[in-house]
Amino acid sequence: MIEKTGVFSVVGRPNVGKSTLTNALCGVKVAIVSNKPQTTRNRITGVRNQGDTQMVFLDTPGLHKAKNVLGDYMVKIVNQTVADVDAAILLVEPVARVGIPEQMLIQRVKEEKLPCILVVNKMDMAKKEDLLETIALYSQAHEFTAVTPLCARTGQGVDGLLEELNKLCVSSPQLFPDGMVSDQPERQLIAEIIREKALQKLDKEVPHGLAVEIERWEEREDGLFEINAAIYCERKSHKGIIIGKHGAMLKEIGAVARYEIQRLLGGKVYLELWVKVKENWRNNPNQIRNFGYEDL
């Protein structure tokens with residue numbers, strides 16, 4: 001019986017580990033991850049039930065200077081998410097500098113009068129003196145509810161953060177039903193899995209302009225899922241890179257994506273991928289909505 005709940009936003013600059021932390025806090029994968037900045041474009045909801053407490057985590061895009069309409073949308077999502085929660089988790093790296101994105105997020109937290117926990121990620125790669133200096137500088141910038149160093153990638157320190165978050169939960173009815181770990185529809189999850197695998201396989205300038213659209217999804221009587229998906233890029237020169245020599249890269253993306261989609265759906269999957277060019281789609285509001293970013 002759930003008696004307490006807490007809704008927490010995970011915020012920070014791009015590529016600091018927000019999605020990795022969200023997955024670690026939920027105990028299951030709800031958000032795609034890659035080493036490319038701006039992998040997360042939407043607000044991703046993850047749910048964790050622990051005893052009599054339900055915690056809801058909102059993974060957000062990294063706060064950055066927008067350069068297109070999609071970027072404006074992502075910044076808007078961050079600002080909205082900070083306003084709609086019980087507390088914020090500000091994720092930073094062990095670098096002794098409070099950068100502009102962090103200053104902006106701290107100011108947003110102050111405006112909303114939100115409790116905020118400072119989480120210093122990548123503690124496994126930092127010297128103790130760097131951690132202490134980072135914590136000292138941020139403590140001068142804001143009076144945080146708690147400060148927790150951890151490593152989101154390995155899970156070290158995550159239990160300590162969960163303990164601090166539990167203190168911020170309040171008496172409340174259950175927000176999400178038992179067994180629900182994310183509010184994303186399966187169609188969107190599958191598109192994101194394909195985009196994640198493309199991000200992981202492709203290099204440098206191509207990934208930022210990628211989007212995935214599920215064009216056909218059918219479950220046959222024998223239980224096989226037939227899925228057709230289009231990977232969109234912004235330049236004709238990128239299309240050949242994504243397809244690869246004799247289609248090798250596209251086949252590789254499809255193979256790793258199919259494996260994870262089968263785990264998600266619990267059945268065999270036939271996945272067919274196409275590559276299409278949609279020039280400058282990140283500055284086209286209608287096209288952005290078509291790709292699932294609907295809150296513009």
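The values are calculated or read from the model by the stated rules, or taken from the named source; none is laboratory data. This one's a predicted model, so the numbers in the text were calculated from it and none came from an experiment. Note: ideal-geometry Cβ built from the backbone for every residue, glycine included; neighbour counts use all protein chains shown. Only protein heavy atoms, including side chains, enter the accessible area calculation; ligands, DNA and RNA are left aside. Shrake-Rupley method; radii C 1.70, N 1.55, O 1.52, S 1.80 Å.
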Cα-Cα pairs in the range 68-146 separated by more than 20 Å, as a whole percent of all pairs, come to 36
Return the whole-Å distance between the Cα centroid of the range 212-252 and the Cα centroid of the range 82-114.
-> 38
Between Asp203 and Val98, the FRET efficiency computed from the C-beta separation at R0 = 30 Å comes out, to the nearest 0.05, as 0.40
Add +1 for every Lys or Arg and -1 for every Asp or Glu among the other residues with Cβ under 15 Å from the Cβ of Met180, and state the total.
-> -1
For the pair Asp84 and Lys167, what calculated FRET efficiency results from E = 1/(1 + (r/R0)^6), where r is the Cβ-Cβ distance and R0 = 22 Å, to the nearest 0.05?
-> 0.60
Where the range 28-181 is the region considered: accessible area per residue in Å², 1.4 Å probe | 48
For Asp52 and Arg216, compute 0.36 nm times the residue count separating them, minus their Cα-Cα distance, and round to one decimal in nm.
-> 55.0 nm
Which label marks the calculated value of mean projected area of the Cα convex hull in nm², given the options (i) 17.2; (ii) 16.3; (iii) 15.2?
-> (ii)
Kindly write out, for the range 227-241 in residue order, the coupling ³J(HN,Hα) from the Karplus curve 6.51 cos²θ - 1.76 cosθ + 1.60 (θ = phi - 60°), rounded to whole Hz, with x marking Gly and Pro.
-> 10, 10, 9, 10, 9, 9, 10, 9, 10, 4, 5, 7, 4, x, 5
Farthest toward the dipole's positive end in the range 138-282, which of Gln200, Val170, Ala146, given Cβ charges of +1 (Lys, Arg) and -1 (Asp, Glu) about the Cα centre?
-> Gln200
For the range 7-148, rounded, prolate or oblate, judged on the Cα gyration tensor with a ≥ b ≥ c (square roots of eigenvalues), a/c < 1.5 rounded, else prolate if a/b > b/c?
-> rounded
MRE, 222 nm, helices only [DSSP H, n ≥ 4, -39500 (n - 2.57), over the chain, to nearest 500] | -11500 deg cm²/dmol
The rounded separation in angstrom of the Cα centers of the range 262-296 and the range 140-158 is 34
Of all the accessible heavy-atom surface of the chain, with the other protein chains kept in place and a 1.4 Å probe, what percent is carbon and sulfur?
-> 48
Accessible area (Å², per residue) of the range 211-287, counting only protein heavy atoms and a probe of 1.4 Å | 59
Taking amide hydrogens as modeled 1.01 Å from N in the peptide plane, which residues meet the under 5 Å criterion relative to Val7, leaving out close sequence neighbours?
-> Val56, Asp86, Ala87
By how many nm would the segment from Val28 to Leu175 lengthen if fully extended, with 0.36 nm per residue of separation less the alpha-carbon distance?
-> 51.1 nm
Subtract the Cα-Cα distance of Arg187 and Glu112 from 0.36 nm times their separation in residues, and report this length gain in nm to one decimal.
-> 23.6 nm
Nearest 10 degrees, 0 to 90: what angle lies between the long axis of helix 100-112 and the longest principal axis of the chain (Cα atoms)?
-> 60
Label point 7 Å out from Ala136 along Cα-to-Cβ: which residues of the range 71-100 have amide N under 20 Å?
-> 92-99
Distance between modelled label sites at Glu279 and Lys127, nm, 7 Å Cα→Cβ extension = 5.2
Report, to two decimal places, the Cα Rg of the range 94-245 normalised by 2.2 N^0.38 Å (N = number of residues).
-> 1.45
